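Engineer: The structure's right below; bear with me while I get my questions together.
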Amino acid sequence: MKGPRILDVGNLGDDEYDEGKTHRMIQSAFSNFTIIGLDMNEEKAKKLSFPNQVVGSAEAMPFPSDFFDTIYMGEILEHTFEPQKMIKEARRTLKNGGILILDTPNPYALSRIFRFLVKKMDTLGHSDHKVFYTPCSLKNILEENEFHIEAMVTDSTFGVKGRTFFLPRIPFCEMLGGHICVKAIKL
């Protein structure tokens, strides 16, 4: 294996439109690193046949302790009833000082608030979402598992009718983007 190791959890995507798009971007951006994918979808893993693809669960990662330099969990945490297991596994498999990057839908997103107020729609996301996280709940779960949060932001965008708009960078709007994004360091 070459260079630092990055684990991309849920790398195959959860719909036919994603099909590993983010994983390909990570592979391209970090070509001198060893990029490992972890996903539970065995059929899609065979179809896409990424190098270093592992079929398994983020709640019981099939990797040794202190193995990864960075773990990316893109829109994964909201799909489990056992987030503590997932975060504990990330902690176990990260090296000391390793980086955990995660993002999850933001229940306080401006677009969700507007859709609820105007259309009276519950628009918190995909039917497979189990739990929604606020900045406070993410902070709690990460600190309980001995992570130091280095940054927590939203993506500063909101979507309306398939169009993307950017929020102004003012204090009131800084946490109203569509996703909460966190960078945390294993202590």
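The values are calculated or read from the model by the stated rules, or taken from the named source; none is laboratory data. Remember, it's a predicted structure, so these values are computed and weren't measured experimentally. We place every Cβ from the backbone using ideal geometry, glycine too, and count neighbours over all the protein chains shown.
Engineer: Hey, could you check the range 7-43 for residues that are charged (D, E, K, R) and modelled with pLDDT of 90 or more and say which is surrounded by the fewest Cβ atoms within 10 Å (Cβ to Cβ)?
Structural biologist: Selected residue: Glu43.
Engineer: Do we have any residue at all in the range 26-35 that's touching a residue at least 40 places away in the same chain (Cβ under 8 Å), in contact with a strand residue (DSSP E or B) (Cβ under 8 Å, 6 or more places away or on another chain) and not polar (S, T, N, Q)?
Structural biologist: From the range 26-35, those touching a residue at least 40 places away in the same chain (Cβ under 8 Å) are 26; that's our starting set.
Next cut, in contact with a strand residue (DSSP E or B) (Cβ under 8 Å, 6 or more places away or on another chain) only: 26.
Then drop every residue that is not not polar (S, T, N, Q), which leaves 26.
Among the residues of the range 26-35, at least one is touching a residue at least 40 places away in the same chain (Cβ under 8 Å), in contact with a strand residue (DSSP E or B) (Cβ under 8 Å, 6 or more places away or on another chain) and not polar (S, T, N, Q), which makes the answer yes.
Engineer: Any idea how many residues of the range 60-79 are farther than 15 Å from Asp8 by Cβ and at pLDDT 95 or above?
Structural biologist: Qualifying residue count, the range 60-79: 4.
Engineer: Which of the residues spanning the range 64-81 are more than 22 Å from His126 (Cα to Cα), part of a strand (DSSP E or B) and not hydroxyl-bearing (Ser, Thr, Tyr)?
Structural biologist: At the first step, the residues of the range 64-81 found to be more than 22 Å from His126 (Cα to Cα) are 64-71.
Checking the rest, the ones that are also part of a strand (DSSP E or B) come to 68-71.
Phe68, Asp69, Ile71, listed by residue number.
Engineer: Run Pro51 past the list (1) touching a helix residue (DSSP H, G or I) at 6+ places or on another chain (Cβ under 9 Å); (2) within 10 Å of Asp8 (Cβ to Cβ) and report the number of the one that doesn't hold.
Structural biologist: Going through the list (1) touching a helix residue (DSSP H, G or I) at 6+ places or on another chain (Cβ under 9 Å); (2) within 10 Å of Asp8 (Cβ to Cβ), Pro51 breaks only (2).
Engineer: So which helices (runs of 4 or more DSSP H) stay within the range 82-187 end to end and still have 2 or more residues that are closer than 25 Å to Ser57 by Cβ, aromatic (Phe, Trp, Tyr) and touching a residue at least 60 places away in the same chain (Cβ under 8 Å)?
Structural biologist: It comes to none.
Engineer: Tell me, yes or no, whether the range 154-173 has at least one residue that is modelled with pLDDT of 95 or more, acidic (Asp, Glu), within 15 Å of Leu102 (Cβ to Cβ) and surrounded by fewer than 17 Cβ atoms within 10 Å (Cβ to Cβ). Explain how you work it out, then say what you get.
Structural biologist: Here is the first cut: in the range 154-173, the ones modelled with pLDDT of 95 or more are none.
Among the residues of the range 154-173, not one is modelled with pLDDT of 95 or more, acidic (Asp, Glu), within 15 Å of Leu102 (Cβ to Cβ) and surrounded by fewer than 17 Cβ atoms within 10 Å (Cβ to Cβ), which makes the answer no.
Engineer: Going through the range 49-63 one residue at a time, which ones are surrounded by 16 or more Cβ atoms within 10 Å (Cβ to Cβ), outside any loop (DSSP other than H, G, I, E, B) and touching an Asp or Glu at 6+ places or on another chain (Cβ under 8 Å)?
Structural biologist: Answer for the range 49-63, where residues must be surrounded by 16 or more Cβ atoms within 10 Å (Cβ to Cβ), outside any loop (DSSP other than H, G, I, E, B) and touching an Asp or Glu at 6+ places or on another chain (Cβ under 8 Å): Gln53, Val55.
Engineer: In addition: In the range 114-143, which residue that is surrounded by 15 or more Cβ atoms within 10 Å (Cβ to Cβ), out of contact with any His (no Cβ under 9 Å at 6 or more places or on another chain) and modelled with pLDDT of 75 or more is farthest from Cys173 (Cα to Cα)?
Structural biologist: The qualifying residue farthest from Cys173 (Cα to Cα) is Ile141.
Engineer: Could you please find all residues in the range 174-187 being over 17 Å from the mean Cα position of the chain (by Cα), more than 9 Å from Ala109 (Cα to Cα) and modelled with pLDDT of 85 or more?
Structural biologist: Leu187
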